[in-house]
1. Across region 120-134, what is the total count of residues that are of a type outside the set (Asp, Glu) and either under 10 Å from Ser73 (Cα atoms) or in contact with a His (Cβ under 9 Å, 6 or more places away or on another chain) (or both)?
2. With respect to the numbered conditions (1) among the aliphatic types (A, V, I, L, M); (2) at pLDDT below 90; (3) over 12 Å from Val147 (Cα atoms); (4) touching a Leu at 6+ places or on another chain (Cβ under 9 Å), which one is the sole condition not fulfilled by Leu32?
3. Just to be sure before I move on: is Ser121 in a helix (DSSP H, G or I), on the phi < 0 side of the Ramachandran plot and surrounded by fewer than 21 Cβ atoms within 10 Å (Cβ to Cβ) in the structure I sent?
4. Give just the number: which of (1) part of a loop (DSSP other than H, G, I, E, B); (2) free of Cβ contacts under 8 Å to residues at least 12 places away in the same chain; (3) of a type in the set (Val, Ile, Thr) does Ile57 not satisfy?
5. Looking only at region 92-111, filter to residues that are among the hydrophobic types (A, V, I, L, M, F, W, C) and open to solvent by 30 Å² or more (accessible area, probe 1.4 Å); which one of those is nearest to Val145 (Cα to Cα)?
6. Just wondering, is there one or more residues in region 130-140 that are under 21 Å from Phe30 (Cβ atoms) and in a loop (DSSP other than H, G, I, E, B)?
7. Within the set of pairs 6 or more residues apart or between chains, which connect a residue that is more than 15 Å from Met119 (Cα to Cα) inside region 74-102 to a residue that is in a helix (DSSP H, G or I) and open to solvent by 60 Å² or more (accessible area, probe 1.4 Å) with Cβ atoms less than 7 Å apart?
8. Please verify whether Ala89 is part of a helix (DSSP H, G or I), open to solvent by less than 80 Å² (accessible area, probe 1.4 Å) and closer than 14 Å to Pro33 by Cα, treating the condition exactly as stated.
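The values are calculated or read from the model by the stated rules, or taken from the named source; none is laboratory data. Predicted model only: the values in this text are computed from it and were never measured. Every residue, glycine as well, gets a Cβ built from its backbone with ideal geometry; the counts of neighbours run over all protein chains shown. For the accessible areas, the whole protein counts, side chains as well, though only heavy atoms, and no ligand, DNA or RNA atoms are used. Shrake-Rupley method; radii C 1.70, N 1.55, O 1.52, S 1.80 Å.
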Amino acid sequence: MIVLSMNPARKAMDTSNTVYTNTFNPNYDFVLPFFFENGIDTLDVSEKDKLLELIDIFMTCGEEEIEVIGYASSRAFEGFSNSRNTQLANDRAKNVKSYIEAWTNSSVNARNWNDYEEMESFRRITDRDLQGNLISRSEKLNRRVEVVWSNNKCYRND
């Protein structure tokens, strides 16, 4: 599995104190995160440019499977915070899915979370400290979509 960020977004993030948990699927070949502003479900221009570069690279490889997984941070909204964060994560994934499909004419799977606890259990970055306080640097990293390519001929040894 390869996880990387090409051309980090304008607002590079300090991740020196970020806590990661290993919940990731080892069968994924390539994962690239795309970051969002708080409460926003659409990519900004720099993230769209990064996504287009990635699409160009992988279209030459003949993608086999693409999955888009959206996440949201633990930052609270007024009222029904968990359901709003779940919907935001799902909307982010749907928007990136639509963007990829428009440029590739390929079918893309977007994971749809049933509830906040399900999404939170798959996030690999903890954005609350042991006292339950929000960790600003980490919560920014959870406002993302991961684009996952699996079974890609560029990475197989066939």
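1. Matching residues across region 120-134 total 5.
2. Unmet for Leu32, out of (1) among the aliphatic types (A, V, I, L, M); (2) at pLDDT below 90; (3) over 12 Å from Val147 (Cα atoms); (4) touching a Leu at 6+ places or on another chain (Cβ under 9 Å): (3).
3. Spelling it out, Ser121 is indeed in a helix (DSSP H, G or I), on the phi < 0 side of the Ramachandran plot and surrounded by fewer than 21 Cβ atoms within 10 Å (Cβ to Cβ).
4. (1)
5. Ala110
6. no
7. Once the first residue is more than 15 Å from Met119 (Cα to Cα) and sits in region 74-102, its partners that are in a helix (DSSP H, G or I) and open to solvent by 60 Å² or more (accessible area, probe 1.4 Å) give Phe77/Arg84.
8. Yes: the conditions hold for Ala89.
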